[in-house]
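Just so it is clear, none of the values below were taken in a lab; they were calculated from the coordinates. Quantities reported herein were computed from a predicted structural model and do not represent experimental measurements. Cβ atoms come from the backbone with ideal geometry, glycine included; neighbour counts cover every protein chain shown.
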Amino acid sequence: MSKKMLLLFSHKLNNLQEIDAIKNLKVTQFIVLPRELQQKWCNFDADLEYIDLEPFKKFLSNNLQKGDIVLVQGDFGATFSIVEFALNVGFIPVYATTKREVVEFIEDGQIVKKSIFKHRRFRKYGV
């Protein structure tokens, strides 16, 4: 049985995330947002009191079936609303977890810390 993962976040999946989704979530197809929706998701106006999420909900409804997965990360309020919507219609909302590795080195006589984030797994919302 094929399972889709719709990507509702600000960047592209990295190789480890793709492998994890295929292996552990049994994803057979990845769906990205159309350019216009992707730009909106990445750039909600912070001065607006209300964000219209209906175009996103419509896109999800038109492209997923019950049991398909939605990777949701972004603006906290928009994420909450989309996760709630996904749960109510039978989609499986998930987010990516990472492990931070801090590397220290000396550059021009100063100690510099660099954080490297490595994908660990996808986790279901609400669990």
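I want the antiparallel fraction of DSSP beta bridges within the chain, as a percent rounded to 5.
Details: 14 of 25 bridges.
The answer is about 55 percent antiparallel.
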Going highest first, how would you order 91-103, 34-46 by mean Cβ packing within 10 Å?
-> 91-103, 34-46
Per residue, the convex hull enclosing the Cα atoms of the chain spans a volume in Å³ of 147
Could you give log10 I(q)/I(0) at q = 0.18, 0.25, 0.30, 0.33 Å⁻¹ for region 86-127, computed by the Debye formula over C-alpha point scatterers of equal weight, without solvent?
-> -0.64, -0.84, -0.96, -1.04
Taking the simple approach of a point 7 Å from Cα along Cα-to-Cβ for both SER115 and ASP52, what is their distance in nm?
-> 3.5
Length gained if GLN39 through ASN88 is fully extended, taking 0.36 nm per residue and subtracting the Cα-Cα distance, is 15.1 nm
Computed helical MRE - 222 nm, the chain, DSSP H runs ≥ 4 contributing -39500 (n - 2.57), nearest 500 | -10000 deg cm²/dmol
Global size of region 41-95 as Cα Rg and Dmax, reported in angstrom | 11.2, 35
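Quote the Stokes-Einstein diffusion coefficient, in whole µm² s⁻¹, for region 55-125, based on the Kirkwood radius over alpha carbon pairs, a temperature of 37 °C and a viscosity of 0.692 mPa s. If you can, show how the numbers build up before the last one.
Details: Rh = 14.5 Å.
Translational diffusion coefficient: 227 µm²/s.
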